[in-house]
Amino acid sequence: MPVNETSADVLYLYVVLVLACLALLVAGVREQRTHYVNLRAIPTRVLVNGIRGKSSITRLCAGALRGGGLVTTAKTTGTAARFIHPDGSEEPVYRKFEIANVVEQIGIVRRAAAYRPNVLVMECMAVMPDLQEINQTKLIQSTIGVLCNVREDHLAEMGPTLDDVARSLSRSMPIGGICVTAERERLDILREEAAKRDCELVVADPESVTDEEMSGFDWITFKENVAIALAVADLLQVNRQSALEGMWAAPPDPGVLRVHSYLSGGKRLRFANVFAANDPESTRMNVEQLRGQGAIDDPMHVVINCRPDRVERNAQMGALIADLDPERVLLLGEPTRSARTAIGPQWQERVLDLGGSRTGNELVAAVLDGIDQHASLVAIGNIHGQGELLIEALSELPQARTEEPPPVPPPPPPPVRMPPPPVRMPAPPPAAPQRPHSYQRHFGELPIGRHAPVQPPQTRRRTGPPRRQGRI
């Protein structure tokens, strides 16, 4: 082949390569500009980050804001990724090959912007610290951030220490915005990181949530989660009662903690699936709350499901037995030795090793054999494998009726007292000028709230494009 023809072919391939790169560059720039236009169409964007409870907090925030009359869309990435429409209905997020990728946030923002909402609430799906920062600065650009807690999880990506985890999670704080947190132990680190980003840190107080307010939920959640959602609602000037009513009506996440009662052979079993809280602190908090609410009682049996790729986690769950003090411990999966060696010697006689591959019916039979008349069964560790088989087999048992609590006698009437004589009080001093709301100081006027006229939904809400079931 002549040299001239070879040079021409190389030049041709080079021109094709350059043109293809230019086309990709133009398409990327166009997609980025379109994405930023969609972001600007949503006045308030809330990004929920942390270790445990992100999906529940995302749903609580969306429900609270809907209760206040704000057109709100949301997206969760927990047990099952969901896109939540302004009316509270939801649909699964379609993922090609069932692989999660942060790039899917671009399509979520485009879908949400079609509704012209007041607020978009997004759960952070990034684990790597660099991706968390990209998710905030490029994909969501939140005006309000939520950093719910700092727990012992994903240490390989964000650790090795909990202080490192706190700093990694802080990379999702909005620069010049507001961040809401319920974290207490590493609050100093969060304040330091917020100061670097000129971000106002709002600390939610779980003690401000009363037991009466928690009784409005028909599913189990924590006061920390509710306090965070109320703080976000307050930033957007949604009154507390409206926010609570919206949260009570919000549908829970598919992986939310619930207690089911089953009957089999005259034996009553209360089953609590705590697999979703797969770090020791969250697991202990879940069990303590269930006990405090009377959802489970003694005798309590604990199931630990082990996985070969989570040996360290298996040991953490085994060490937790000392705090839970159950009557019996059942070990599932492989390798069960990783959990058993972490269980103290005083509990070794209570351990039943059901390691290996077993059917769901075999696991249920082993559970029921150790019960006299009634018991509570708490499942911890990881759900995959033998844990899924156990849950599926338990769901086939007949449901037990809910036990009615005994009636509470009315309190005695208070003693009759004469009212004190009236006291003339001095006139109050003139009221000081009202400071602007925290959100107003950062971003100006709110999209809607107590001090803005609320228009009827049919005039404010714009119907989005037709929904396609199963795809976003």
Exercise for the section: Output the residues belonging to region 356-393 that are part of a helix (DSSP H, G or I) and more than 23 Å from ARG284 (Cα to Cα). Expected result: GLY360, ASN361, GLU362, LEU363, VAL364, ALA365, ALA366, LEU368, ASP369, LEU389, GLU392, ALA393
Fill in the blank from the handout: Restricting attention to region 280-310, the residues that are outside any loop (DSSP other than H, G, I, E, B), of a type in the set (A, V, I, L, M, F, W, C) and either more than 25 Å from TYR262 (Cβ to Cβ) or open to solvent by 10 Å² or more (accessible area, probe 1.4 Å) (or both) number exactly 1
Practice task
Kindly indicate whether ASP353 is charged (D, E, K, R) and either buried (at least 23 other Cβ atoms within 10 Å of the Cβ) or part of a strand (DSSP E or B) (or both).
Solution key: yes
Completion exercise
Within region 148-157, residues being open to solvent by 10 Å² or more (accessible area, probe 1.4 Å) and touching a residue at least 12 places away in the same chain (Cβ under 8 Å) number 6
Problem - ASP198 in a helix (DSSP H, G or I) and more than 21 Å from LEU120 (Cα to Cα) - result: no
Practice task
Please list, ordered by first then second residue, the pairs with beta carbon atoms under 6 Å, 6 or more apart or interchain, first in region 314-334 and touching a residue at least 60 places away in the same chain (Cβ under 8 Å), second outside any helix (DSSP H, G or I) and not acidic (Asp, Glu).
Solution key: ASN314/CYS306; MET317/ILE304; MET317/ILE380; MET317/GLY381
Practice task
Check whether at least one residue in region 143-156 is touching a Phe, Trp or Tyr at 6+ places or on another chain (Cβ under 8 Å) and among the hydroxyl-bearing types (Ser, Thr, Tyr), and report yes or no.
Solution key: yes
Completion exercise
Checking ALA113, ALA80 in turn, the sole residue that is over 24 Å from LEU235 (Cα atoms) and surrounded by fewer than 23 Cβ atoms within 10 Å (Cβ to Cβ) turns out to be ALA80
Exercise for the section: Output the residues belonging to region 250-266 that are open to solvent by 50 Å² or more (accessible area, probe 1.4 Å) and outside any loop (DSSP other than H, G, I, E, B). Expected result: HIS260, LEU263
Completion exercise
Note: among VAL93, VAL102, VAL29, just one is of a type in the set (Val, Ile, Thr), open to solvent by 10 Å² or more (accessible area, probe 1.4 Å) and over 21 Å from the mean Cα position of the chain (by Cα), namely VAL29
Exercise for the section: Might you check whether a residue that is modelled with pLDDT of 90 or more and under 29 Å from GLU183 (Cα atoms) occurs anywhere in region 257-273? Expected result: yes
Problem - Residue satisfying condition, being of a type outside the set (Ser, Thr, Tyr) and assigned to a helix (DSSP H, G or I), within set VAL238, VAL226 - result: VAL226
Completion exercise
Quick count over region 204-220, residues being buried (at least 16 other Cβ atoms within 10 Å of the Cβ) and in contact with a strand residue (DSSP E or B) (Cβ under 8 Å, 6 or more places away or on another chain), is 2
Exercise for the section: Identify the residue in region 267-279 that is among the charged types (D, E, K, R) and not in a loop (DSSP other than H, G, I, E, B) and, among all such residues, is surrounded by the most Cβ atoms within 10 Å (Cβ to Cβ). Expected result: ARG270
Handout entry: Within region 139-160, tally of residues that are touching a helix residue (DSSP H, G or I) at 6+ places or on another chain (Cβ under 8 Å) and either of a type in the set (A, V, I, L, M) or assigned to a helix (DSSP H, G or I) (or both)
Key = 9
Problem - Pair list, Cβ under 6 Å, 6 or more apart: region 266-277 residue touching a residue at least 24 places away in the same chain (Cβ under 8 Å), other residue open to solvent by 10 Å² or more (accessible area, probe 1.4 Å) and in a strand (DSSP E or B) - result: ARG268/HIS374; LEU269/TYR262; ARG270/VAL259; ARG270/SER261; PHE271/HIS260; ALA272/VAL259
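Listed here are the residues, each with its yes/no results for (1) closer than 24 Å to PHE222 by Cα; (2) open to solvent by 30 Å² or more (accessible area, probe 1.4 Å).
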residue	(1), (2)
PRO117	no, no
MET122	yes, no
MET128	no, yes
GLN136	no, no
VAL146	yes, no
ILE178	yes, no
GLU193	no, no
LYS196	no, yes
CYS199	no, no
Problem - One residue from GLY107, GLY67 being open to solvent by less than 20 Å² (accessible area, probe 1.4 Å) and touching a residue at least 60 places away in the same chain (Cβ under 8 Å) - result: GLY107
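The values are calculated or read from the model by the stated rules, or taken from the named source; none is laboratory data. Keep in mind that what you see is a predicted model, and the values were worked out from it rather than measured. We place every Cβ from the backbone using ideal geometry, glycine too, and count neighbours over all the protein chains shown. Calculation scope for accessible area: heavy atoms of the full protein, side chains included, ligands and nucleic acids excluded. Shrake-Rupley method; radii C 1.70, N 1.55, O 1.52, S 1.80 Å.
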